[in-house]
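First the structure, in the form of structure tokens, and then the observations on it.
The values are calculated or read from the model by the stated rules, or taken from the named source; none is laboratory data. The model shown is predicted, which means the values in this text are computed figures rather than measured ones. We place every Cβ from the backbone using ideal geometry, glycine too, and count neighbours over all the protein chains shown.
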Amino acid sequence: MQVLSQEEQETLRAILRKVFEESMVEALLQALDRLAARGDQGITDLRRWLEDSLRGLQTDVNQLTRSHGSVEEALARLVEAQARLEESHRRLEEALARLAEAQARTEERVTRLEEAVARLIEAQARTEERLARVEESQRRLEEALARLAEAQARTEERVARLEEAQARTEERLARVEEGQRRLEEALARLAEAQAEAEERIARLERLMEQVTRQVGALSDVIGGDLEDAAYIVIHDTFTRELGWKVDVLERTFLRWDDHELEVDIMGRAYDPARPKYEIWIIGETKYNMTVGEVERFAKKLPLISEYLTHQGGEKKERLIVPVCFCYRARPEVRERIYNLGFHLVFSYGRVIWGKGGPPLSRRKKTASRKGAR
């Protein structure tokens with residue numbers, strides 16, 4: 001028997017491919033080729049093998065058919081399960097969509113809640129701050145109330161004392177009213193006496209006018225005598241003590257610009273040791289010299305210096321010698337005259353030089369210390 005032709009092999013391969021896999025198809029074709037080579041015996045063997053194989057195949061097909069029915073039932077159940085699964089999946093997606101929406105709403109509510117919490121925290125902070133201020137105000141108020149209570153206690157105590165004082169005042173007022181009544185009676189009597197006194201005072205005033213005129217005349221006489229004595233004593237004192245040449249000393253009335261000044265004693269003097277100096281003796285005369293009169297005399301000296309400058313111009317060699325002349329002077333008056341640098345001359349010729357000493361040139365100071373204080 002010849003080997004299968006190429007066309008037969010392809011036809012058989014196509015038939016076998018419908019039943020077997022590709023590797024099994026090739027193996028069967030090779031087996032058929034070998035059987036064909038063995039001749040009729042091979043064909044008989046092949047027929048038996050094919051019949052056996054076909055019977056087994058039929059059995060397998062029957063089993064496969066039964067299995068296929070089971071698979072179709074399983075597939076039907078699987079399709080139903082798939083449908084139920086898809087329905088569950090749809091419902092799950094819908095639930096998930098609703099859950100997502102709810103989650104979004106929850107997140108939005110959480111966001112609003114967080115914002116509200118933040119505002120609440122800020123409000124809480126402001127509330128705590130206000131509470132702290134309120135507590136501080138409360139503390140100050142309590143302190144003020146405590147002080148007020150203390151002040152109230154003191155006020156009540158003072159009111160009590162005031163009531164006691166009021167009671168005493170009322171008693172005193174009663175006594176004052178009684179005294180007022182007696183005083184009014186006394187005033188009435190005093191008015192009568194006043195009328196009598198005014199009449200007597202009128203008579204006394206007329207008498208005083210007469211006495212004043214008489215005393216004024218006497219004062220002019222005595223004052224003139226005092227100044228006359230001062231002119232002589234001061235002239236002799238400065239001539240004797242200092243060796244000066246003194247011109248006439250007299251009361252002088254100074255007038256310049258809008259000024260007018262009266263000076264008790266004023267006159268020129270010349271120091272042989274300082275011939276170029278223009279020396280002026282300026283004096284104040286009083287019976288009993290006082291500190292106030294010394295101060296008023298001291299205020300005159302700048303004006304007198306201004307007058308001399310107005311009359312003769314500014315001079316470095318001008319010297320003003322202030323002198324106080326009196327009958328007596330108390331110790332405080334003497335001390336003030338001395339400290340001001342003025343010279344005190346008494347009516348009996350004694351001289352007390354001022355704080356700077358006698359107004360001498362340097363070469364004569366040593367020889368003239370005997371007249372100093």
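Can we say R268 is within 21 Å of G354 (Cβ to Cβ), within 60 Å of the chain's Cα centre (by Cα) and either not aromatic (F, W, Y) or not in a strand (DSSP E or B) (or both)? No; evaluated as a whole, the condition is false for this residue. Annotation: of all residues in the range 337-354 being out of contact with any helix residue (DSSP H, G or I) (no Cβ under 7 Å at 6 or more places or on another chain) and assigned to a loop (DSSP other than H, G, I, E, B), the one that is farthest from I281 (Cα to Cα) is Y348.
The requirement of being of a type outside the set (K, R), out of contact with any Leu (no Cβ under 9 Å at 6 or more places or on another chain), assigned to a strand (DSSP E or B) and at pLDDT below 95 is fulfilled somewhere in the range 279-299, by at least one residue. Taking residues in the range 10-28 that are β-branched (V, I, T), and partners anywhere that are surrounded by fewer than 13 Cβ atoms within 10 Å (Cβ to Cβ), the pairs with Cβ atoms closer than 6 Å and at least 6 places apart or on different chains are V25/R17. What do you reckon, is T65 of a type in the set (S, T, Y) and either surrounded by 12 or more Cβ atoms within 10 Å (Cβ to Cβ) or not in a helix (DSSP H, G or I) (or both)? Answer is no for this residue. Look at K286 and say whether it is surrounded by 20 or more Cβ atoms within 10 Å (Cβ to Cβ) and over 57 Å from the mean Cα position of the chain (by Cα). Yes: the conditions hold for K286. Considering the range 296-313, and only residues there that are over 18 Å from R274 (Cβ atoms) and over 57 Å from the mean Cα position of the chain (by Cα), the residue that is surrounded by the most Cβ atoms within 10 Å (Cβ to Cβ) turns out to be Y307.
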